Amino acid sequence: MKLAVVLVLATVALVILGFIFPVHQATTPGIVSGEALPGVGGSTNTPEAAVRSLLGDVQAHDWSRAYSLLANTSDVPKEAFIHDVNGNYGSLRTFSSLEGSRTRVLNENGDQALVRADMHWSTAVGPIYDVRELKVVRDNGSWKVVWPLEKQPNVPPQVVPVNYLRWDVIYRGPQDDWGTQNVDSPQVRIVSMNAVQNGRNLVIVGEVVNEDTVPAFVDINAILTGKNGQNLDEESSFDKIQHTLLPKQVSPYRIDFPGYNLSQVKSVRMEAKAMLVPASADPVIAVLNQHEQTNVLGRKVLSGDLLNESGRTVNIAQVLATYYDSNGKVIWVSDGYVDRALLPQTPEPFSVDMPDSTVGQVQSYRVTVNHYIRQQS
Amino acid sequence: MRRAIACPTGSQTRLILCAAVVALFLSVTCLAADAPQVQFDISHIGPRQMEDVTGRNIPRDWGRAWQTLAVAFEQNQPDLLGHYFVGFAQQKLAAAIAAQEKSGLRTRYIDHGHKLAAYFYSPDGGAIELHDTADLEIQVLDGNTVIHSERATLHYIGLMTPAADHWEVRLLESVPNF
Amino acid sequence: MLRLLSATCLAVCLCAATLVAAQQLQVPATITAGSGFAIPTTGSGTATFYLVGPSYATKREVNLGTEIQVSPREVRSAGRYIAILRHDGSSESGSFYVLAAKPASLSFLAHPSRVPVAQHDGIIGVAFVFDKWHNLVRQPQTVDFRLQAKDAAAVSQSVRSRDGVAWTLMNSGRKAGNMEFIATLGGVEEKRVIQQVASDPCHLQIKAERNPKGVLVETEPVRDCSGNPVSDGTVVTFTATDAQGRSTVDVPVKKDVAQAELKLAGPATISVASGVVMGNEVRVGGQP
């Protein structure tokens with residue numbers, strides 16, 4: 001009670017001070033990320049400068065100027081270039097902006113050069129890094145970029161029947177008497193949980209299954225209990241989980257506790273919350289050709305292709321990769337957003353990090369896909 | 001005659017706002033007075049065992065329900081019942097308040113604490129029956145005149161069901177004995 | 001002297017008790033809900049009668065020396081009532097309890113609304129007994145719980161209520177489908193519908209056939225261990241491992257079967273799983 005009174009008085013005092021001594025708006029500190037790109041109309045007298053000038057125009061959304069810096073405009077229509085860089089079909093890239101980039105000349109030979117551009121995109125779901133190796137050629141004294149546009153296969157016009165199951169829910173009304181039957185929340189079960197120290201962060205990974213016959217919207221919470229029995233912290237899986245689970249579907253989850261160490265923790269209490277939601281079994285997204293590889297930056301990644309087997313576009317896809325050791329225990333869960341839309345029947349590559357600490361221990365893995373479709377009917 | 005209306009200046013506005021904020025906080029503090037003491041006994045509970053969190057929330061919400069009831073009956077404000085009372089409990093108590101207001105009456109409950117025992121906890125966790133021994137002072141007022149005053153130990157049977165973030169009282173009945 | 005003191009104390013106590021008794025209204029200790037009664041009064045003139053109860057309060061002028069009629073409507077809610085008679089600035093009062101009348105309704109809670117087949121004590125039934133004015137009937141009553149499935153014998157249990165509540169646990173049947181769960185007390189009946197659903201898939205088997213587009217993989221009809229087909233929409237995961245890596249696809253069951261076309265050119269090993277249940281593996285050769 002005394003504490004409550006002290007807190008109330010302190011709050012009142014602070015509010016009064018805030019009114020009497022208002023703080024003027026401070027300037028927003030700039031966030032430095034990578035190298036600053038030149039403004040519109042930068043120099044093109046070196047390969048690196050040409051690439052940076054192009055990226056500067058992209059950052060400024062000056063598409064005409066950026067397109068004029070391409071060497072292969074006869075192969076790359078302007079619209080296709082803009083869609084490739086700026087995104088289309090409501091993809092994640094359409095909600096992103098180029099924050100900055102680092103460029104490095106990999107090799108230069110007479111009138112040709114290869115420049116690596118490590119681009120940092122700021123998106124609605126966090127940063128996304130895109131690395132491209134761009135061929136640059138000298139044309140009439142100035143360097144221009146050969147834009148590597150990947151031609152997407154044309155999906156022939158066709159009718160794709162959708163006859164997968166769809167669930168709708170009718171709930172009990174507010175006027176119904178107590179005891180009137182209602183639909184129960186779905187039964188979900190956490191099938192595994194593993195606490196992992198990842199640098200300075202404690203991470204809880206595992207899997208959850210929807211044991212019911214109806215779709216479930218699932219979230220997992222974890223509460224850390226310290227050695228003295230007090231709760232240290234509580235976090236949720238946030239977006240590191242496939243939230244909508246169809247019957248018998250299994251999803252990985254990952255819960256991050258920044259700044260905590262395993263040695264501080266006596267126990268972890270897990271809570272799986274499940275809600276009954278309308279859902280559809282469509283679209284079906286296949287994950288093809290999953291394999292481990294090392295990317296151009298020397299990092300171990302799990303790569304593959306996503307194939308949207310339905311007839312409508314998936315605007316945003318998120319890949320969740322579960323890594324298992326030789327005992328079948330979940331040792332890590334990583335995720336990555338695909339910043340391009342998944343067009344019907346069209347493979348789209350993906351790549352997610354494999355942390356260095358897990359590389360030697362991974363015996364197998366499993367990839368699942370979260371999806372978001374705008375204006376879902 | 002046109003009267004000039006003085007609009008408050010900037011500093012006056014700030015002072016008025018400060019005073020309003022202080023008043024708001026003070027009123028909230030007054031309303032948020034301590035709920036009555038509730039001793040909770042789960043030694044005879046069945047068939048479901050009580051979870052730790054539920055074991056803390058039930059006596060907390062029972063105490064808050066009684067606190068709400070006391071204020072509602074003293075001030076003849078049935079709307080206050082909505083958060084901790086539901087269903088027929090809410091309807092009956094609201095009817096009592098409406099009837100006493102119509103007759104110019106008020107009832108004052110001075111709560112000296114409760115000994116609450118969990119009697120039945122349904123296997124799915126959806127309902128709990130409680131036996132409450134309450135130490136109460138009850139005053140009935142006609143206008144501002146106390147026409148009846150007593151202190152008594154009373155027995156109540158309560159039924160609570162879970163809402164979104166707290167437990168609600170669905171039944172509150174005084175009984176001669178357990 | 002000591003005897004005189006004791007006698008005086010006794011006399012004082014008796015007088016005080018008499019005085020106190022004179023200030024109590026004569027009301028019954030308990031009555032049944034909805035039963036009117038009368039309160040005798042003495043003296044002459046008028047007084048103000050107050051009745052305060054769990055869902056009722058009233059104030060009216062009465063004549064002393066006559067009976068105060070308390071109507072059935074005023075004592076419908078079970079609980080403690082205070083009756084007060086105020087005259088010339090002083091009050092007489094009495095309290096009484098109203099007890100519930102005979103049972104007239106049941107609040108029947110049945111859980112869950114969906115239950116896997118063949119689950120021991122998987123179905124919970126809790127019934128609260130109320131009278132016609134929604135008062136809890138504390139007197140023990142016999143509540144019959146009955147589970148009735150189509151084309152199956154009914155299963156019943158009779159339970160004696162205690163302090164207004166009766167409960168039971170019952171096993172779910174082996175056949176998927178809707179069941180009626182009924183609670184009965186005298187002429188009062190409450191019905192609920194429980195949906196028995198298939199359990200986890202059992203003996204998950206696939207077959208694979210190569211075609212020009214790739215490999216068509218199909219499950220045998222997916223059933224649980226009791227032979228019930230799993231619900232449409234149950235997700236089955238096909239995993240194919242070949243030289244290119246691993247490919248997976250989550251496919252929902254439609255009409256008992258899940259099917260997928262995997263674009264595999266070379267030899268591959270294909271396995272299947274649903275939830276935490278693994279199925280068999282098949283090997284397919286490369287394209288001819």
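Just so you know, all these numbers are worked out from the coordinates, no wet-lab data involved. From a predicted model like this one, the values you see are computed outputs, not experimental measurements. So basically every Cβ, Gly included, is an ideal-geometry build from the backbone, and we count neighbours across all protein chains shown.
Annotations for the structure displayed:
- Modelled spin-label separation between A:Ala13 and C:Gln259, with each label point placed 7 Å from Cα along the Cα-to-Cβ direction: 7.5 nm.
- Reachable lysines from B:Lys92, criterion Cα separation under 25 angstrom, eight or more residues apart if same chain: B:Lys102, B:Lys115, C:Lys59, C:Lys102, C:Lys132
- As a rough footprinting exposure proxy, the listed residues B:Ser103, C:Ser55 were ranked by other beta carbons within 10 Å of their own, and the order from fewest upward is B:Ser103, C:Ser55.
- Degrees, to the nearest 10: C:2-22 long Cα axis against longest axis of chain C: 70
- Gyration tensor verdict on region C:147-288 (Cα atoms; rounded if a/c is under 1.5, prolate if a/b is larger than b/c, oblate otherwise): prolate
- Once the C-beta distance of B:Arg60 and A:Arg189 is scaled by a Förster radius of 30 Å, the resulting FRET efficiency is 0.50 to the nearest 0.05.
- Rounded, prolate or oblate (a/c below 1.5 giving rounded, otherwise prolate when a/b exceeds b/c) for region C:103-197 by Cα gyration tensor: prolate
- Fewest-first ordering of A:Met275, C:Met1 by other beta carbons within 10 Å of each residue's beta carbon gives C:Met1, A:Met275.
- Positive dipole terminus of region A:204-245, leading residue within A:Ile220, A:His243, A:Val205 (C-beta point charges): A:Val205
- Among A:Pro347, A:Pro77, A:Pro127, the largest mean-square fluctuation in a Gaussian network model of chain A, built with springs joining Cα atoms closer than 10 Å, belongs to A:Pro77.
- Taking only Cα atoms of region C:201-284, radius of gyration then Dmax in Å: 12.3, 39
- Applying 1/(1 + (r/R0)^6) with r as the Cβ-Cβ distance of A:Gln361 and C:Gln119 and R0 = 41 angstrom yields a FRET efficiency of 0.60.
- Estimated Rh, region A:247-377: Kirkwood, alpha-carbon pairs, angstrom: 16.7
- In this label model, A:Asp75 and A:Lys300 are separated by 3.6 nm, measuring between points 7 Å along each Cα→Cβ vector.
- Footprinting exposure proxy for A:Phe21, B:Phe73, A:Phe238 (fewest neighbouring C-beta atoms within 10 Å first): A:Phe21, A:Phe238, B:Phe73
- Cβ-Cβ distance of A:Asn201 and C:Thr66, R₀ of 56 Å, FRET efficiency by 1/(1 + (r/R0)^6): the value works out to about 0.10.
- Viscosity 1.306 mPa s, temperature 10 °C, Stokes-Einstein D of the protein assembly as shown from Kirkwood C-alpha radius, µm²/s: 47
- Calculated [θ] (222 nm, deg cm²/dmol) that DSSP helices of n ≥ 4 give over chain C, each run adding -39,500 (n - 2.57): -2500 deg cm²/dmol
- In plain terms, if you count all Cα to Cα distances in region C:79-129 and split them into 5 Å steps from zero, the share in each step is 4, 13, 13, 10, 9, 9, 8, 7, 7, 5, 5, 4, 3, 2, 1 percent.
- The distance between label points at A:Val125 and B:Ser149 comes to 6.8 nm (points 7 Å beyond Cα on the Cα→Cβ vector).
- Taking a ≥ b ≥ c as the square roots of the eigenvalues of the Cα gyration tensor, an a/c ratio of 1.5 or more together with a/b larger than b/c marks chain A as prolate.
- The ellipsoid that matches the Cα gyration tensor of region B:36-175 has semi-axes, each √(5λ) in whole angstrom, of 28, 16, 11, with the longest given first.
- Of all lysines in the structure, those lying under 23 Å Cα to Cα from A:Lys300, and not within fewer than 8 positions of it along the same chain, are A:Lys240, A:Lys329.
- Span-rule helices in chain A, defined as complete DSSP H runs reaching 20 Å or more along the axis (Cα) with Kyte mean at least 1.6: A:2-20
- Taking 0.890 mPa s as the viscosity and 25 °C as the temperature, the Stokes-Einstein diffusion coefficient of chain C based on its alpha-carbon Kirkwood radius rounds to 95 µm²/s.
- Rounded Å value of the spacing that divides the Cα centres of region A:208-230 and region A:95-146: 43
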